[in-house]
Amino acid sequence: MPGTPQSLTLIAIAESLSPVTEFVRKGASEANLPESRIGELDLLIEEIVMNIARYSYPESDPGVVTVTYSVPGPGELRVEVSDRGVAFDPLKVGPPDLTLDLEHRPVGGLGIFLLRSFARSLTYRREQGWNRLTFAISANP
């Protein structure tokens with residue numbers, strides 16, 4: 001039987017990254033994800049939360065970020081990260097040109113590239129003023 005979804009809401013600032021990471025790691029533990037997948041999950045959470053903290057709200061008025069996880073079955077973790085900031089569909093961002101040298105590569109795009117690489121599924125929707133980015137990660141890539 002799938003576990004009950006768990007949620008955490010914090011102010012969307014850089015200092016919230018550590019508590020969000022710890023929270024999502026609890027879900028990874030419940031799902032029995034291997035350490036290699038948990039490392040990838042940490043990276044995904046960092047990319048998402050830091051982008052929300054930097055770009056979703058005005059610097060003078062940070063909003064909130066809500067992270068919800070569920071364990072639909074053994075070896076499966078589903079995570080939704082939501083914010084009420086500026087509407088932004090990261091799935092419309094094209095892939096980065098990885099053939100360019102670092103000094104010639106434009107800033108941005110690597111986070112969604114990593115999400116697409118590590119997540120089993122990935123969706124975005126704008127719903128009642130909320131950005132909702134949902135992904136699933138499994139024990140086996």
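The values are calculated or read from the model by the stated rules, or taken from the named source; none is laboratory data. Bear in mind that the values here come from a model prediction, so they are computed numbers and not experimental data. Using ideal geometry, Cβ is built from the backbone for each residue, glycine included, and neighbour counts are taken over all protein chains shown.
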Condition broken by Glu80, with the remaining ones in (1) of a type in the set (Asp, Glu); (2) part of a helix (DSSP H, G or I); (3) under 19 Å from Arg120 (Cβ atoms); (4) at pLDDT 95 or above satisfied
(2)
Starting from the stretch 52-66, keep only residues that are within 16 Å of Glu15 (Cβ to Cβ), then list their pairs with residues that are surrounded by fewer than 19 Cβ atoms within 10 Å (Cβ to Cβ) and among the aromatic types (Phe, Trp, Tyr) whose Cβ atoms are within a distance under 9 Å, requiring at least 6 positions of separation or different chains.
Ser56/Phe88
Starting from the stretch 115-138, take each residue that is closer than 19 Å to Leu43 by Cβ and in contact (Cβ under 8 Å) with a residue 24 or more places away in the chain and list its partners that are among the charged types (D, E, K, R) and surrounded by fewer than 13 Cβ atoms within 10 Å (Cβ to Cβ), counting only C-beta distances under 7 angstrom and pairs at least six apart or across chains.
Tyr124/Asp89
Flagged in the stretch 1-19 as surrounded by fewer than 17 Cβ atoms within 10 Å (Cβ to Cβ) and hydroxyl-bearing (Ser, Thr, Tyr), in numbering order, are Thr4, Ser7, Thr9, Ser18
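Mind telling me which of the residues Val93, Val64, Val107, Val86 ends up being of a type in the set (Val, Ile, Thr) and modelled with pLDDT of 95 or more?
The unique qualifying residue is Val64.
Can you tell me which residue in the stretch 40-67 is farthest from Pro5 (Cα to Cα), limited to those that are among the hydroxyl-bearing types (Ser, Thr, Tyr) and in a loop (DSSP other than H, G, I, E, B)? If you could, list the steps in order and put the result at the bottom.
Taking the stretch 40-67 and keeping what is among the hydroxyl-bearing types (Ser, Thr, Tyr), we get 55-57, 60, 66.
Now drop any that are not in a loop (DSSP other than H, G, I, E, B), which leaves 57, 60.
Values: Tyr57: 26, Ser60: 32 Å.
In this case the residue turns out to be Ser60.
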In the stretch 20-50, which residues are surrounded by fewer than 20 Cβ atoms within 10 Å (Cβ to Cβ) and touching a Gly at 6+ places or on another chain (Cβ under 7 Å)?
Glu30, Asn32, Glu47
Output yes when any residue across the stretch 128-136 is on the phi > 0 side of the Ramachandran plot and modelled with pLDDT under 80, and no when none is.
no
